[in-house]
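Data first, discussion second: the structure below is written as structure tokens.
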Amino acid sequence: TMSVDSDLEVSDAIRIAKEKNIGIVITDHMDWDFPVPYPDFRVDLDAFFKEYTNLRSDTVLLGIELGMTKNSIEKNRSIIEENDFDFVLGSVHVLYGKEVDEELFRELDEADVYRDYLVTCSQLVNELNIDSFAHIDYPLRSTSKELKYEDYKTEFDTFFETLVTQGICLELNTSRLSEGEEVYNNMLIIYRAYKEKGGQYVTIGSDAHEPEEIGDNFDIAKNFLAQSDLIPVHFEKRKMVIDSFFNL
């Protein structure tokens, strides 16, 4: 891909996805305020479309992952409006101008980080016309403590209500689903709460940065979807399509 988030070659990704009988969406990063020098997490969109447009098909779609911050709202709006994406995924990787990582958790109280993360997510999805919000459990990649629904019920509920009001899906990121019963059950509680607040649809992403991660944990995701009563979808030309892969 074209941002430094992954060294995975698109040709390899397409080949492996075909072997697994799944489609893929190429979602390079555009993260204006990520605390590294340009252009590490900012994809060159002209080069992106020049390189990948001819690869586009029913099973290879072109998208973007927009790193959302308060400072980048207008830039991200322009990107959405001016480019022919199949899918726009929004994410929050940065708080207080810093990456949400181990160092941030050493500097600040964990509860404050979690709460501010959820509040920031609510504010930003209210501002941008994205299709789905990525990896709600992103902070948990940097700490061993779970982000539990019951500890932040008000913040979670506000976020879910905002998603539903804005017509935005929640991504089911499968990367952590195989990390044990506690992780799985905690995520299930969160996604059931999303359902209770009116959420119906989720996009499925394995967040693959390496070839072996493509389609990772999709078998677990199938059970997760059945237990949460959510409908898997993807987007083509920004239009929602029900996923047949999971055959729920």
For the stretch 44-107 and the stretch 191-248, distance of Cα centres in Å: 19
Between Lys148 and Glu210, what length comes free when the chain is fully extended (0.36 nm per residue of separation minus the Cα-Cα distance, one decimal in nm)? 19.5 nm
Any chance you could run the full-extension gain for Phe49 through Glu81? It's 0.36 nm times the residue separation minus the Cα-Cα distance, nm to one decimal. 10.0 nm
Restricting attention to the stretch 1-88, which GluC sites (Glu not before Pro) occupy a DSSP loop and are surrounded by at most 14 other Cβ atoms within 10 Å? Glu9
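At 0.36 nm per residue, minus the direct Cα-Cα distance, what do Met240 and Ser57 gain on full extension? Give it in nm, one decimal, please.
Gain on stretching Met240 to Ser57: 64.3 nm.
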Listed residues Ser11, Ser175, Ser132, most fluctuating in the chain (Gaussian network, C-alpha, under 10 Å): Ser11
Of the beta bridges DSSP finds with both residues in the chain, what % are antiparallel, to the nearest 5? 25
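Out of all DSSP beta bridges with both ends in the stretch 171-248, state the antiparallel percent to the nearest 5.
Percent antiparallel among DSSP bridges in the stretch 171-248 is about 40.
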Highest GNM mean-square fluctuation among Phe156, Phe41, Phe105, for the chain with Cα springs under 10 Å, belongs to Phe105
Would you mind telling me which residue in Asp112, Asp137, Asp44 has the biggest mean-square fluctuation in a Gaussian network model of the chain, where springs connect alpha carbons within a distance under 10 angstrom? Asp112
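Bear in mind that the values in this text are calculations on the coordinates, not laboratory data. The model shown is predicted, which means the values in this text are computed figures rather than measured ones. Please note: Cβ atoms are built from the backbone with ideal geometry, for glycine as well, and neighbour counts cover all protein chains shown.
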